[in-house]
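A quick write-up on the structure given underneath.
Laboratory data are not the source of any read-out in this text; all were calculated from the coordinates shown. Here the structure is a predicted model, which means the values were calculated and not measured. Cβ placement follows ideal geometry from the backbone for every residue including glycine, while neighbour counts extend to all protein chains displayed.
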2 protein chains.
Amino acid sequence: MTISYSFSHLANTIKRSVMRDLIALANQPDIISFAGGLPAADHLPHEQVHACMEAVLTRDGAKALQYGPPYLPLREWIADYMRRRGVASAVENIFITNGAQQGLELIARLLLDDGEPAVLEALTFTGIGQAMNAHGADVRTAPVDLETGVEVEALAEALARAPRPRVGVVIPDFHNPLGVRLPRESRMRIAELAAQHGVPIVEDDPYSLLRYEGEALPPIKSFDEAGAILYLGSFSKMLAPAMRLGWIVAPAEVLSKLTVLRESIDLESSQLLQRVATEFLTQGHLEPHLQALNAANLERRNAMFAALDRELGGVAEWTTPQGGLFVWVTLPERVDAGAMLRTAFEHKVAYIPGANFSPNGPGPANTLRLNYSNSTPERIHEGIRRLAEVVKEHLDRLI
Amino acid sequence: MTISYSFSHLANTIKRSVMRDLIALANQPDIISFAGGLPAADHLPHEQVHACMEAVLTRDGAKALQYGPPYLPLREWIADYMRRRGVASAVENIFITNGAQQGLELIARLLLDDGEPAVLEALTFTGIGQAMNAHGADVRTAPVDLETGVEVEALAEALARAPRPRVGVVIPDFHNPLGVRLPRESRMRIAELAAQHGVPIVEDDPYSLLRYEGEALPPIKSFDEAGAILYLGSFSKMLAPAMRLGWIVAPAEVLSKLTVLRESIDLESSQLLQRVATEFLTQGHLEPHLQALNAANLERRNAMFAALDRELGGVAEWTTPQGGLFVWVTLPERVDAGAMLRTAFEHKVAYIPGANFSPNGPGPANTLRLNYSNSTPERIHEGIRRLAEVVKEHLDRLI
């Protein structure tokens, strides 16, 4: 009696993110999970958001609940913030999105046709590959370095190869999954490459304000004289995921196209959340929030380094992030972190196998991504102790 | 120095919604605008939303700001609500979206491939055509009747024709732009047709609770035994647009596909807004809100009928909605409501030319859509007086 659905090619081929399933699975209270990409739950600024919500609804009433154009004071704050980071931008260059993921979807929709090449990092956030694949990208990758992110001359080669890519994507700051940063000269070179090859490059930057060590580095976009860098910002990590707000910095001609494309996807972002975020930002809550958040993240990263040293020193290697949410761990070559995951669940600890972060076939099997921002130092020590047992058990079985 | 962008085929061909530009233009305070599709700004329940926000942030704190799965109590409320409307649904059938427009985008993405047919009403909400076109639909239309909505036997013919359509879309209640409702027997027949032809039909229902006259009619989905009806609900009109929340009722197998497709678009809906909406619904705010809203809408519709009778009786004809936001007006055949718009702006009154509501080339030139829900009776009387002047001036020029 029930009809059988004919799904689109996309719906039939898109891969369920293993990560989401894993993160859900790892969400049981007795499991110490390093799997998610969540900001520290105990440092989400709910009291300040509460006060801002109060202020907005008292002041704006029904206006905050109605349809409306992208909220101008929010675009103004963002344009000003980008200028402080060295990006020559005006309100006309700021497009409000529902988080950086929607920015990726919109840019893929804007630039890609079926079978057209896109250049991604060989290890990158899974949502980037999903958005590009949903628009038929033929994905090329550029290798990454575990200290400095994407290898810029390899990126140059991938951009130069015919047919010309329609878009490239890089994560400059506190890379997901690697945790590392692009040096200043790489940023300059990437802006230059985009201009030289005429290929728009997306600078996906949800993490740069989550810096607890080292100096601030200018965004790639600050070196962009050709309008070739599409900068993606997000309030999810620097304020709160449930704001569902982010932004694109782009040339005005691109913005007008994005506006039309956005209509058919979901019309617009919430007037209420846009106003609350603006209140948070303009009332000076951001700085103290980031100070507390980054202090906590630093403490957690230090706990993870100490635990890794103690438990896996000499066995594993790991990246040395100065901000963001993640450490990338490389285990002995014969380890299969995907196969090892079952043992990890038995030992009540979880991570994401690094192989999942390759947008083009499986990545290196002996790697894993650890999130330290959403666990206390105590749980980090205990979790890494369990992880070390898991690794030893796994290695013993392989002998 | 600046690069020239190569846009996708879609970005190069998608049409900017004339409506959005028009609505923005008509938003000046000295213009009486019947153009928008906004719920009554003076009846948005901001005090209740304020109280709910208060309750949620006090109770849930940081949890309301974090990432999270679709909020179960909201899905439960919706499943229960749909059951009260005669739809056999469980939580497993309820998918949360950012409003009905995102539901349309997701369903288009789920079912359509380039060049595959989709059957739409010959006059329909512009966002439906936009979503289907964005996924390459070859749009077929079924004519509409100005008293009863889509002509069901013509719909049957369009569904039966080869190649088989991948999807159909109808608006059963208080149609946008017509304001009319499908009779009960048409609803039964549409459910039957979807099953018979194996074509999923979207029931786009943002308006059914905005009923101030006549009896409630069961949704098409309540007659659906084949799992062939994809019901779209929205909180934008019944609660507030800025909640940016809606839902899809679909078979569980469809839901699991939607979940994967949603990830790459924008990950998820706001935990905060989902919790606030749930609080609003479970604390009993919906009924009194709808009573006040519908009483205001009835008063406004009556004002519009009285004004139309007085000013354009014998010249124009109009539909007789019993709910929703819109009246559809047919002027003498020689009128071009698009061309007349300039005169209308001179007279400080605005509407949407009916031609814009055809998803397949321009619709009837001598028609227009009037929104009555977002103007007071006084402004409606004055606005229709101005509109009548505009029509007379336009007709005089044509002689």
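Data overview
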read-out: Exposure rule at most 14 other beta-carbon atoms within 10 Å, DSSP loop GluC sites (Glu not before Pro): chain B longest free segment; value: B:1-146
read-out: Surface/4 estimate of mean projected area, convex hull on alpha-carbon atoms of chain B, nm²; value: 21.9 nm²
read-out: Among A:339, A:158, A:303, residue whose mean-square fluctuation peaks in a GNM of chain A (springs only between Cα atoms under 10 Å); value: A:339
read-out: Surrounding net charge for residue A:83, when Lys and Arg each add one and Asp and Glu each subtract one, Cβ distance under 15 Å; value: 0
read-out: Extent along principal axes [Cα atoms of the protein assembly as shown; Å; largest to smallest]; value: 91, 59, 53
read-out: Chain A: calculated mean residue ellipticity at 222 nm from DSSP helix runs of at least 4, using -39500 (n - 2.57); value: -13500 deg cm²/dmol
read-out: Dipole-positive endmost among A:182, A:282, A:134 within the stretch A:66-282 (Cβ charges, Cα centre); value: A:282
read-out: Rounded to whole Å, sorted largest first: equivalent-ellipsoid semi-axes of the stretch A:32-117, Cα gyration tensor; value: 28, 23, 16
read-out: Using a Förster distance of 22 Å, the FRET efficiency for residue A:157-residue B:114 (Cβ separation, nearest 0.05); value: 0.10
read-out: Pairwise FRET efficiency - residue B:147 versus residue B:84, Cβ, R0 = 35 Å, nearest 0.05; value: 0.80
read-out: Paramagnetic label zone (point 7 Å from Cα along Cα-to-C-beta, residue B:42; backbone N under 13 Å) in the stretch B:364-392; value: B:373-381
read-out: Gaussian network model of chain B, Cα within-10 Å springs - most flexible of B:120, B:331, B:159; value: B:331
read-out: Inter-part distance where the stretch B:163-189 and the stretch A:308-360 are each reduced to a Cα centre, Å; value: 53 Å
read-out: Those aspartates and glutamates that a straight Cα-Cα span of less than 12 Å connects to residue A:392, excepting residues fewer than 8 apart in one chain; value: A:311
read-out: Under 28 Å from residue B:63, Cα to Cα: lysines that are on another chain or at least 8 residues apart; value: A:63, A:237, A:348, B:237, B:257
read-out: Gain upon complete extension [residue A:185, residue A:13; 0.36 nm per residue less C-alpha separation]; value: 58.0 nm
read-out: Centroid-to-centroid separation of the stretch B:67-133 and the stretch A:217-288 [C-alpha atoms, Å]; value: 26 Å
read-out: Top of B:379, B:83, B:300 by mean-square fluctuation, Gaussian network on chain B, Cα under 10 Å; value: B:83
read-out: Förster radius 25 Å - calculated FRET efficiency between residue A:55 and residue A:76, Cβ distance, rounded to 0.05; value: 0.90
